[in-house]
Amino acid sequence: MGVRPTIEATGDHEYLVNLKVEEDSPVTLRVRANASTLEAVGGDVDEQSLVIATLEFLTKRQAPDELPTDLDLQDVADAYAEYIDHIRHQLEK
């Protein structure tokens, strides 16, 4: 299943993401990259790359239409113990 995100910055650390999954209707999410999560993954990261890596991480675990429409990256870190290490590794590539 290929997920194709489009990302638009809407404010400080906030993004509007549209996920298109093959022939399905697009899924729209609001994503927040808060300071504590940014610091945990390395501080000086490209936020859009972080958002994309997070969506790849999440869509391997659940369908895009099952994701919360309002997503805070700290909530992802709290829900998945392996998230921070996984994202660090992905962003180093």
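Annotations
- Single unsatisfied condition, Glu23 versus (1) closer than 15 Å to Leu67 by Cβ; (2) of a type in the set (D, E, K, R); (3) in a loop (DSSP other than H, G, I, E, B): (1)
- Selection count, the range 58-84, where residues are hydrophobic (A, V, I, L, M, F, W, C), free of Cβ contacts under 8 Å to residues at least 40 places away in the same chain and closer than 15 Å to Leu38 by Cα: 1
- Residue that is surrounded by the most Cβ atoms within 10 Å (Cβ to Cβ), among those in the range 26-41 that are within 14 Å of the chain's Cα centre (by Cα) and assigned to a loop (DSSP other than H, G, I, E, B): Ala33
- Residue count, the range 35-93 (criterion: of a type in the set (Phe, Trp, Tyr) and more than 20 Å from Lys20 (Cα to Cα)): 2
- Pairs where the first residue, in the range 30-42, is more than 11 Å from Leu73 (Cα to Cα) and free of Cβ contacts under 8 Å to residues at least 60 places away in the same chain and the second is part of a strand (DSSP E or B) and among the hydrophobic types (A, V, I, L, M, F, W, C), C-beta under 7 Å, 6+ apart: none
- Residue count for the range 50-93, restricted to those that are exposed (fewer than 14 other Cβ atoms within 10 Å of the Cβ) and part of a helix (DSSP H, G or I): 7
Just so you know, all these numbers are worked out from the coordinates, no wet-lab data involved. These numbers come from a predicted model, not from an experiment. Ideal geometry is used to build each Cβ from the backbone, glycine not excepted, and the neighbour counts take in all protein chains shown.
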